[in-house]
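The structure appears below as structure tokens.
The values are calculated or read from the model by the stated rules, or taken from the named source; none is laboratory data. All figures in this text were calculated on a predicted structure; none of them were measured in a lab. In this analysis, Cβ positions are derived from the backbone assuming ideal geometry, glycine residues included, and neighbour counts consider all displayed protein chains. Surface areas here come from the heavy atoms of the whole protein model, side chains and all, with no ligands, DNA or RNA. Shrake-Rupley method; radii C 1.70, N 1.55, O 1.52, S 1.80 Å.
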Amino acid sequence: MFVFKAGVVGAGTMGGEIAHVIADAGIPVVLKDVDQRFVDQGLEKARSLWQGRVDAGKLDADELERKHKLVFGTTGYESFGDVDFVIEAVPERIKIKRTVFSELDEATPGHAILASNTSSLSVTEMALATSRPDQVVGFHFFYPASVMRLIEVIEGDETSLETMQAAVNFAQAIRKTPIRCGETPGFVVNRILNSSASELWRVQEETGTDVKEIDKIVAESKAAPVGPFYLCDLLGLDTVLHVSEHLRDSYGDRFYVHARMRELVAEGKLGAKTGEGFYEHAS
Ligand SMILES: NC(=O)c1ccc[n+]([C@@H]2O[C@H](COP(=O)([O-])OP(=O)(O)OC[C@H]3O[C@@H](n4cnc5c(N)ncnc54)[C@H](O)[C@@H]3O)[C@@H](O)[C@H]2O)c1
């Protein structure tokens, strides 16, 4: 199947970047959120990523405008009537995702593939909110989606082989590297990433070491580009907390849930997207 037009639902931390990646490959994309303010933030994110390349002398300004015109922002589903592939990137809550999948089932043509960027939830459960569970698949980007090449293509219980193949093809068409995964908790990458993060979270709480000190040591040792607490702020503490709880519930105590992270989420301090988490962030 060729994707002539794509859709992205949810224009938050991931949605704007995902729309950028799709348009950058020359494919028109409609970007939807519930509020025009969030749509505008997503459009601005997509634009700022091209602007960075213009500033670095790697893209000319006309090309930026041409690419940005491929992203159409909306708060409604009217423009979803001719999409071929949609990626849902709304908050990591199964109730919200199932509602969005059932709305997409109504709004999109029958041949369209409906994909989820979920980090941990069941693709099968989302698929069962539609009349086309065989055309529902996981399509998991990594932050920042404009840079990270990997996409986990996740096979739900009902996903057909044709859908898996079409998702793999689409990932390659937008210049990403797909890997096929089964529907296991944490899939591949988050299971690996969270096992090492768990040890750092555990040590921090057992010893009371300052989170900034741990981040500094990790970054200076070049074990990772940024430390684990700063990274969690960038990813969104609500999303990271949900994934870590899911892994602990699925695999037991070898995965750790950071108590202070839970408190921050309860206080609405979700990291960069709300301006405060483990760190303060300029808006
Ligand atoms: N943040 C990450 O690093 C990361 C990485 C990979 C995957 N994910 C996954 O991507 C998904 C989105 O995560 P995020 O970090 O971008 O979340 P986010 O909270 O930053 O953004 C979610 C957006 O969805 C919008 N939204 C809520 N309900 C909606 C609806 N019914 N229709 C349209 N838009 C709606 C919100 O207004 C918000 O703008 C989650 O499933 C998450 O697990 C996140």
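Exactly one residue out of Thr124, Thr177 is in contact with a helix residue (DSSP H, G or I) (Cβ under 9 Å, 6 or more places away or on another chain), more than 22 Å from Ile27 (Cβ to Cβ) and more than 10 Å from the ligand (Cβ to nearest atom), and it is Thr124.
Here is the figure for segment 1-31: residues that are of a type in the set (A, V, I, L, M, F, W, C) and within 12 Å of the ligand (Cβ to nearest atom) total 8. Restricting attention to segment 175-196, the residues being open to solvent by less than 20 Å² (accessible area, probe 1.4 Å) and small (Gly, Ala, Ser) number 1. When only residues in segment 136-169 that are part of a loop (DSSP other than H, G, I, E, B) and of a type in the set (Val, Ile, Thr) count, which is farthest from His111 (Cα to Cα)? Per the stated criteria, the residue is Val147.
With respect to being outside any helix (DSSP H, G or I), modelled with pLDDT of 95 or more and either more than 15 Å from the ligand (Cβ to nearest atom) or over 21 Å from Ala171 (Cα atoms) (or both), Gly76 fits the description.
Here Lys69 fulfils each of the conditions (1) of a type in the set (Lys, Arg); (2) away from the ligand (no atom under 15 Å from the Cβ); (3) surrounded by 18 or more Cβ atoms within 10 Å (Cβ to Cβ) apart from (3).
A search for C-beta distances below 8 Å between a residue of segment 84-97 that is surrounded by fewer than 20 Cβ atoms within 10 Å (Cβ to Cβ) and any residue that is in a loop (DSSP other than H, G, I, E, B) and among the aromatic types (Phe, Trp, Tyr), counting only pairs 6+ apart in sequence or on different chains, returns Asp84/Phe2; Asp84/Phe4.
In segment 150-174, of all residues being open to solvent by less than 40 Å² (accessible area, probe 1.4 Å) and within 16 Å of the ligand (Cβ to nearest atom), the one that is farthest from Leu247 (Cα to Cα) corresponds to Ile174. Of all residues in segment 118-125, none are more than 19 Å from His242 (Cβ to Cβ) and surrounded by fewer than 21 Cβ atoms within 10 Å (Cβ to Cβ). Exactly one residue among Phe72, Phe101, Phe2 is touching a residue at least 60 places away in the same chain (Cβ under 8 Å) and among the hydrophobic types (A, V, I, L, M, F, W, C), and that residue is Phe2. Close contacts from segment 28-43, counting a first residue that is basic (Lys, Arg) and a second that is buried (at least 20 other Cβ atoms within 10 Å of the Cβ) and modelled with pLDDT of 95 or more, with Cβ to Cβ under 8 Å and a gap of 6+ residues or different chains, come to Lys32/Gly7; Lys32/Val8; Lys32/Val9; Lys32/Gly10; Lys32/Ala11; Lys32/Val39; Lys32/Gly73; Lys32/Phe80.
Hey, does segment 239-255 have a residue that's open to solvent by less than 70 Å² (accessible area, probe 1.4 Å), modelled with pLDDT under 95 and not in a helix (DSSP H, G or I)? Checked segment 239-255: no residue is open to solvent by less than 70 Å² (accessible area, probe 1.4 Å), modelled with pLDDT under 95 and not in a helix (DSSP H, G or I). Determine whether Gly16 is open to solvent by less than 10 Å² (accessible area, probe 1.4 Å), small (Gly, Ala, Ser), under 14 Å from the mean Cα position of the chain (by Cα) and closer than 23 Å to Tyr143 by Cα. Yes: the conditions hold for Gly16. In segment 131-149, the qualifying residues are those that are open to solvent by 20 Å² or more (accessible area, probe 1.4 Å) and more than 10 Å from the ligand (Cβ to nearest atom), and the one that is farthest from Asp233 (Cα to Cα) is Ser131. What number of residues within segment 197-219 are free of Cβ contacts under 8 Å to residues at least 12 places away in the same chain, in a helix (DSSP H, G or I) and open to solvent by 60 Å² or more (accessible area, probe 1.4 Å)? The total comes to 6.
Counting the residues of segment 95-121 that are in contact with a helix residue (DSSP H, G or I) (Cβ under 8 Å, 6 or more places away or on another chain) and near the ligand (Cβ under 10 Å from one of its atoms) gives 8.
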